[in-house]
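The structure under discussion appears below in the form of structure tokens.
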Amino acid sequence: MRELDYHRADDAAGAVALVSGDPEASFLGGGTNLVDHLKLGVARPRVLVDISRLPLDQVEEVELPGDSGGGPGLRVGANVRNSDLAAHPAVRSGWPVVSRALLAGASGQLRHQATTGGNLMQRTRCVYFQDVTTACNKREPGSGCSAIGGYARYNAVLGASEHCVTVHPSDLAVALAAVDAVVVVLGPDGERRVPFEELHRLPGDAPERDTTLAHGELITAVELPASAAAATSTYHKARDRASYAFALVSVAAALELDEAGRVADVRIAWGGIAHKPWRARVAEQALLGAEPTEERVAAACADELADARTSEGNAFKVPMVTAATQHVLQSLQGGRR
Amino acid sequence: MSAVEQPVTPLERDAIRSVGTAHPRVDGPLKVAGRAAYAVEHREAPYDARPLHAWLVQSTVARGRVLAVDAARAVAHPGVVSVLDHTSAPRLQEGEDRELEVLQDDRVDFRGQIVAVVLAETSEAAREAAGLVEVAYDEQSHQAAFEETEDTYEPETVNPEMPARTEEGDVDGALAGAAVVVDATYETPVEHNNPLEPHAAIAHWDGEVLTLADSTQGVHPVAQTLAPLLGLEQAQLHVVAPYVGGGFGSKGVPHAPEMAVVLAAMTQPGRAVRLAVTRQQMFALTGHRTPTRSHFRLGADADGRLVAIEHEVLEPTSRWKEFGEQTAAPTRMMYAARNRRTGHRLVPLDVAVPSWMRAPGEMPGMFAHEVAMDELAVACGLDPIELRVRNEPDVDPETGKPFSRRGLVDCLRRGAERFGWSERPAEARATLEGDWWVGTGVAAATYPAMLNPGNEARISAADGGHYDVAIGAVDIGTGARTVLQQIAADALGVDASCIRLRIADTDLPPATVAGGSSGTASWGAAIVATAQRFRADHGDAPDPGVWTQAEATDAQSEDHALHSFGASFAEVRVHRWTGEVRVPRLLGVYSVGRVINPVTARSQLIGGLVMGMSVGLFEESYRDPRTGHVVTQDLATYHVASHADVRDLQVEWLDEEDPLASPVGGRGIGEIGVVGTAASIANAAFHATGTRVRSIPVTADRFL
Ligand SMILES: Cc1cc2nc3c(=O)[nH]c(=O)nc-3n(C[C@H](O)[C@H](O)[C@H](O)COP(=O)(O)OP(=O)(O)OC[C@H]3O[C@@H](n4cnc5c(N)ncnc54)[C@H](O)[C@@H]3O)c2cc1C
Ligand code: SF4
């Protein structure tokens, strides 16, 4: 039997001190991902610091601090459960993409249990990562990547490396990337703010690192700046079954048109495409100031996907994410074709 | 207690009172209250005897030899009692089933094979220690990719014992002269049965008798299979399976884990040993449906009448144990054509042995055949129902025997009416609703009416007009317990409340497997025969204590072809942007003989349709050819239908009885719901989009 020390944290700073001082310690949020990994032998911490009772469970409408861009926004505590966040009226009206992305994920039971922080820090669903009898650089650096030349249906098409080709599984993260969220992080040296796009990283030669956070840094909140585009936003998750499946590809998009029907503001993020939620900046640039016709969106996606690398198993993702983006932007235009 | 042979007469129509009524499941309250003990939950003696927990250690190579098993670290782990490997496990008698030769030698035949078993005081300790066992291999090259290889061969027979090849007339000549030809290849993937309750057992050996609480579809078959290998008399192997959480065929024969837990128990006399196979381990150790590749050539005249049917199957078997799925079997009896050829060839692979999965043969074979028929209908410009009607045979094309009942056309017509088929546009890609292409499709289903010999029942008169009815049958969640009680009541001419039924124990009269949709007919025949003999011997007012044990003879006509039929209708929506596929509506109409209990029958047929949809849209095990390892080995990565996928699902059956097929008048309903469903979905997807998909699962990427 493997023994574990379990601590229930009373305050955030104490939790950070416990985990940052011990390479074999882990934060425990809702446990829906970490506990599976304990059972599978994928994660083998000796100490669990349960942060789920820290008072980080509020959703507040706030004036954001300057380093989060200022202006009105929402502050979401790291322990807000996925179900609660999805149902929150302010989220549903100001950032519908966030609500829809959450509801497209996992199952009701899991969403009740899963936390905002845990969702962002959940690890990949690569089948090899989850199976300790196979080689995986992310689980065991240097052991090799079984997914290359293996099961490829869910593999990345952008930003992969020869060391890792998996994707980030979170739906919420894709939505947050699209609305320019800011992650509030507490470390041993105090608090810092991380723009959402800088939270997750590409695998490069260190696929064992999913994010730019240091060991022991705790997500305490996520801040969402309000915008006209964010209020006109949505999420489409393409998946094999109607529920309870990770994305083949997903699209989070926010759109603001001017009176002439041209794009005044657009933000597009893709899931199922890369090791991190993929903010499609190239496509956004191509669409700004233009009417978002089907053809123009396809062309913008083609620019974004110029460096896509696929294998037989996942080549479908390129046309699928393009079509899903067309679909989403069209539906955000209020049915205009 | 020996049984008498009793020629059985079918239940008389006017004797039928309980049969056919909606009897709620007798074990329902126990199950919903969580008080029905599944295999590892037994706590009564002897399963309470200082129980130990077993954990399986599996090979990480696909082929080779075990050089050494180093268990030093595992044995040192707190709570560990012992580690068995091929050098230390008890020896088995010579047998013919390599799958059950667990830990008998150093040969590794597939990735995931059991190479050691850890025994510990807790399951946590056993599991942790299993990870500490170090196995050294001499790894040999393997073939795990399903492709035509030099070793491909034609077997003598396919399951259960059918000729691999049949031929009649001049297929090539007829095809050459046919007005319309469909020539295409259809594929089905590796699938895993995945019953809710994983395989599990507790074994106890007292030096004399081995007691096994198992999760199995047949207690006597387990005892009959394992006892000789263990060098035991059958009476020394006592198997029970009172409650079983599904099997779908994967518990139809004992697999290696059962042998592993038995061997482990024999090393620990006086202690119970418990084994719960994990979901991941099930993907290597408890059977799967082999993938199939069906090459069809259909030739028809200008009116759509088939002149030739050819079905050539290529499919893998494991190299070390032959398993020939009877994929072309339904093609032999389905439609009329003078010239017919079917054949199977097997590709030996270094993989886990395939096994039974709900509607073996019929599911993959009829997927291929029924999509091919849809293609033929399109090619002939005919409605797909009309095409099938035109190709109805007068007699079984294979045997020349008349059908006891050929209900296909009635099912098609009734389904068409209920589904609103007449409003269907003839053209494909004709309906766009919002973002969805909408289409409908139909496919035929068939399944043979099987009735197994080797079943006996015992009926004893008890006090107060009660009867004890005993048979070793197993209720795997189908409702057998309820249905057999109803049959016994009518066979004895008493109220169902007078029947006290005992099942699922090898101490009871022998029974065959709950499989092949044969259970109700086979066990029911024994009960009806025994009741008839009992009344003949003991009259209508028997003294308490008198009993009869009998086996049915003449239970099924040998002069007729005995098959159930059905038609499934699907509405499919394909997202015009992403290609996502949804099935808002499914209807199945079946001709299955007499329905014994409409409540449990409906569940079986609905469950069959759900599984048919699930294999049509989702199910696929990815076996990594580089390692022979199934990597989609949990229910997050091996998709089965979720609640959200199951929308408007309807089943209906024709009002009939078939005394030629069984004394209870039914032909079996456990599997036919799975047959044809995937084809109706693929056909509807074609009708929606104009894109023909010839392999399952029918996934979104096919429509981009
Ligand atoms: C069957 C299944 C299906 C699923 N389907 C989907 C899906 O479709 N879409 C989707 O997006 N997700 C899906 N999920 C994943 C689910 O969303 C995550 O498991 C969940 O969000 C994790 O949250 P948690 O609070 O339970 O995290 P935990 O399991 O507690 O933690 C996960 C990781 O985050 C770390 N962590 C937790 N909180 C913090 C914090 N505040 N700061 C820093 N690190 C922290 C932990 O140390 C751990 O490494 C699925 C999960 C399952 C089991
Ligand atoms: S893709 Fe990444 S997570 Fe998957 S096996 Fe390769 S290294 Fe591991």
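The values are calculated or read from the model by the stated rules, or taken from the named source; none is laboratory data. Computed from a predicted model, the values in this text were never measured in an experiment. All Cβ positions, even for glycine, are placed from backbone atoms using ideal geometry, and neighbour counts span all protein chains on display. Accessible surface areas use protein heavy atoms only, side chains included; no ligands, DNA or RNA. Shrake-Rupley method; radii C 1.70, N 1.55, O 1.52, S 1.80 Å.
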inquiry  = Which one, B:110, B:447, B:419, projects farthest toward the positive side of the charge dipole computed for chain B from Cβ point charges (K/R +1, D/E -1)?
reply    = B:419
query = Residue by residue through segment B:87-101, which ³J(HN,Hα) values in whole Hz follow from phi under the Karplus form 6.51 cos²θ - 1.76 cosθ + 1.60 (θ = phi - 60°), with glycine and proline marked x?
reply = 8, 10, 5, x, 7, 9, 6, 4, x, 10, 10, 4, 4, 8, 7
request  = Could you compute the FRET efficiency for residue A:60 and residue A:36, with r as their C-beta to C-beta distance and R0 at 22 Å, rounded to 0.05?
outcome  = 0.10
Extension gain, residue B:172 back to residue B:423 (0.36 nm per residue minus Cα-Cα distance, nm) = 86.5 nm
query = Under a point-charge model restricted to the Cβ atoms of Lys and Arg (+1) and Asp and Glu (-1), what is the dipole moment magnitude of segment A:251-323 relative to its Cα centre, in debye to the nearest 20?
reply = 400 debye
remark   = Cα-Cα pairs in segment A:5-50 separated by more than 17 Å, as a whole percent of all pairs, come to 27 percent
key: Beta bridge orientation in the protein assembly as shown: antiparallel %, DSSP, nearest 5   = 75 percent
Gaussian network model of chain A, springs between alpha carbon atoms under 10 Å - residue of A:306, A:90, A:269 with greatest fluctuation = A:306
request  = For residue B:135, enumerate residues with amide H under 5 Å from its amide H, sequence gap 5+ or separate chain, H modeled in the peptide plane.
outcome  = B:70
key: Dipole of segment A:228-333, positive direction: furthest Cα of A:301, A:324, A:242, with charges on the beta-carbon   = A:242
ask   = Tally Lys and Arg at +1 and Asp and Glu at -1 over the other residues with C-beta under 12 Å from the C-beta of residue B:624: what net charge comes out?
value = +2
task = Treat each spin label as a single point 7 Å out from the Cα along the C-beta direction, and report the residue B:149 to residue B:68 distance in nm.
result = 3.0 nm
task = Provide Rg and Dmax in Å for the protein assembly as shown, with only Cα atoms included in the calculation.
result = 30.7, 96
Inter-site label distance for residue A:215 and residue A:53 at 7 Å from Cα along Cβ, in nm = 2.7 nm
ask   = Non-local amide H neighbours of residue B:361 (under 5 Å, H modeled in plane, Pro and chain starts lacking H): which ones?
value = B:326
key: Normalised contact order of chain A, rounded percent, pairs of Cα under 8 Å and 6 or more residues apart   = 17 percent
request  = Roll a 1.4 Å probe over the protein chains and send me the accessible area per residue for the protein assembly as shown in Å².
outcome  = 36 Å²
note = For residue A:237, the lysines lying under 26 Å Cα to Cα, once residues fewer than eight places off in the same chain are dropped, come out as A:138, A:276, A:317
message = Between residue B:394 and residue B:655, how high is the FRET efficiency from 1/(1 + (r/R0)^6) when r is the Cβ-Cβ distance and R₀ = 30 Å? Nearest 0.05.
response = 0.80
query = Mind checking the log10 I(q)/I(0) for segment A:228-333 at q = 0.12 Å⁻¹? Debye, one equal scatterer per Cα, no solvent, two decimals.
reply = -0.37
query = Got a sec? Charge dipole of the protein assembly as shown, +1 on Cβ for Lys and Arg, -1 for Asp and Glu; which of A:109, A:280, B:387 is way out at the positive end?
reply = A:280
request  = Name the long-range amide H neighbours of residue B:116: under 5 Å, sequence gap of 5 or more, or other chain; modelled H, no Pro or chain starts.
outcome  = B:57
inquiry  = Using the crude model of +1 on Lys and Arg Cβ and -1 on Asp and Glu Cβ, and no other charge, please compute the dipole size for the protein assembly as shown relative to its Cα centre, in debye to 20.
reply    = 1640 debye
task = Mind giving me the nanometre distance, one decimal, between the label points for residue B:413 and residue B:184, set 7 Å out from Cα along Cα→Cβ?
result = 2.9 nm
query = Gaussian network model of chain A, Cα springs within a sub-10 Å range: biggest mean-square fluctuation belongs to which of A:30, A:117, A:149?
reply = A:149
message = Expected output is a single nm value to one decimal: the length gained when fully extending between residue B:386 and residue B:430, i.e. 0.36 nm times separation in residues minus the C-alpha distance. What is it?
response = 13.8 nm
note = Residue span residue A:189 to residue A:309: 0.36 nm per residue of separation minus Cα-Cα distance leaves a gain in nm of 39.2 nm
key: Spatially proximal aspartates and glutamates relative to residue B:321 (Cα-Cα < 13 Å; intrachain offsets below 8 disregarded)   = B:96, B:97, B:99, B:101, B:109, B:350
task = Using a Förster distance of 30 angstrom, determine the FRET efficiency expected from the C-beta separation of residue B:536 and residue B:30, and round it to 0.05.
result = 0.25
key: 3J(HN,Hα) from dihedral phi, segment B:180-186, Karplus parametrisation 6.51/-1.76/1.60, rounded to Hz, x for glycine, proline   = 10, 10, 10, 9, 7, 10, 10
ask   = In terms of Cα to Cα distance under 29 Å, which lysines are near enough to residue B:31, apart from those fewer than 8 places away along the same chain?
value = A:39, B:251
query = Placing +1 at every Lys and Arg Cβ and -1 at every Asp and Glu Cβ, with all other atoms neutral, what dipole size does segment A:4-130 have around its Cα centre, in debye to the nearest 20?
reply = 640 debye
task = State, as an integer percentage, the relative contact order of chain B based on alpha-carbon contacts under 8 Å between residues 6 or more apart.
result = 18 percent
ask   = Taking Cα pairs under 8 Å and at least six residues apart, what relative contact order does segment A:228-333 come out at, in percent?
value = 26 percent
inquiry  = Could you compute how much accessible area chains A and B hide from each other, both sides summed, with a 1.4 Å probe? Nearest 100 Å² is fine.
reply    = 3000 Å²
query = For peptide B:572-585, how many partner chain Cβ atoms fall within 10 Å of a residue's Cβ, on average?
reply = 4
Per-residue HN-Hα couplings for segment A:28-42 [Karplus 6.51, -1.76, 1.60; θ = phi - 60°; Hz; x = Gly/Pro] = 10, x, x, x, 6, 9, 5, 5, 4, 5, 5, 5, 7, x, 6
task = Would you please state which residues of segment A:1-20 a label at residue A:46 would reach in this model, taking the label point 7 Å out along Cα→Cβ and a backbone N cut-off of under 16 Å?
result = A:1-7, A:18-20
remark   = Mean other chain Cβ within 10 Å across B:631-643 is 5
